[in-house]
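K.L.:
Below are the structure tokens for one structure; questions will follow.
The values are calculated or read from the model by the stated rules, or taken from the named source; none is laboratory data. Just so you know, these numbers come straight off a predicted model, no measurement behind them. Don't worry about glycine lacking a Cβ; one is built from the backbone with ideal geometry, like all the others, and counts go over all protein chains shown.
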Amino acid sequence: MSTLRTLGVRVEVLYFAKSAEIAGIRSETISVPQEIKALQLWNEIETRHPGLADVRNQVIFAVRQEYVELGDQLLWLQSGDEIAVIPPISGGKDMNEVEEKSKDIIKFTAEKLSVDEVSQLVISPRCGAISLFVGTTRNNFEGKKVISLEYEAYLPMAENEIRKICSDIRQKWPVKHMAVFHRLGSVPVSEASVIIAASSAHRAASLEAVSYAIDTLKAKAPIWKKEMYEESSSSWKRNKECFWATND
């Protein structure tokens, strides 16, 4: 038996998706008081279809096509009004779940880079893969012993170019978070000069994204490096990817 008086107005209750499966119907007409709280209305509906108790904390009403939460809000109903039971939309996300925003984290620093720090920044519970590129200083070049690399950058433009790279990546692959950390100043042998990390649901996207990121960074970001040799000489290096460089 209904927990509310049947006198009042007759409204049409619409059920969708999971609520329709539980109720076993798509719509029904019920009598309810003209003045009723949203939660009381839900209790009336749940009395008719006890299985709906399982989705009580996941649904919301639409009264005259306006969302109404299941609370103490007072409803003034008219005969013929539609009351829609709205489960979580777009595949069943919990109504209280907040969409995790994608992040592009870019940092230039003179401090030593940490692979753990960068990889932690791109972790997401929605992702099953994190891909990394770590560029380090090697100890030789064409027979010369390298003791360190010296980096400098045109910072505002370098940051903007890297943001463009991240934006391009998002147009090409479904990555969640990106992080690009670049060292400035002196970088000794075996230490990281650049770390790029990307997270994605599956490994293919993040692997492709990281590869594209380092290739494009070396081609477009205004960052320069000088190799410092053991015999007190040095040489500014030119990336082969640099699109305006000549071969002379």
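K.L.:
Is it the case that residue 232 is over 33 Å from the mean Cα position of the chain (by Cα) and assigned by TED's automatic domain parsing to the domain that holds residue 128?
P.N.:
Details: over 33 Å from the mean Cα position of the chain (by Cα): yes; assigned by TED's automatic domain parsing to the domain that holds residue 128: yes.
Yes: the conditions hold for residue 232.
K.L.:
Right, here's the next one. Take segment 157-190 and flag every residue that is within 29 Å of residue 124 (Cβ to Cβ) and over 23 Å from the mean Cα position of the chain (by Cα). Give the steps one after another, and end with the answer.
P.N.:
From segment 157-190, those within 29 Å of residue 124 (Cβ to Cβ) are 158-184; that's our starting set.
Selection gives 158, 183, 184.
K.L.:
Among the listed residues 148, 131, identify the single one that is under 20 Å from the mean Cα position of the chain (by Cα), buried (at least 17 other Cβ atoms within 10 Å of the Cβ), part of a strand (DSSP E or B) and hydroxyl-bearing (Ser, Thr, Tyr). Show your work before the answer.
P.N.:
On the way: 148 fails: under 20 Å from the mean Cα position of the chain (by Cα).
Of the residues listed, the single one that is under 20 Å from the mean Cα position of the chain (by Cα), buried (at least 17 other Cβ atoms within 10 Å of the Cβ), part of a strand (DSSP E or B) and hydroxyl-bearing (Ser, Thr, Tyr) is 131.
Rundown of residues vs (1) under 21 Å from residue 221 (Cα atoms); (2) in contact (Cβ under 8 Å) with a residue 40 or more places away in the chain, yes/no style:
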site	(1), (2)
129	no, yes
142	no, no
149	yes, yes
152	yes, yes
155	yes, yes
159	yes, yes
190	no, yes
197	yes, yes
202	no, yes
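K.L.:
Need the failing condition index for residue 22 against (1) surrounded by fewer than 16 Cβ atoms within 10 Å (Cβ to Cβ); (2) part of a helix (DSSP H, G or I), just the number.
P.N.:
Going through (1) surrounded by fewer than 16 Cβ atoms within 10 Å (Cβ to Cβ); (2) part of a helix (DSSP H, G or I) one by one, residue 22 breaks only (1).
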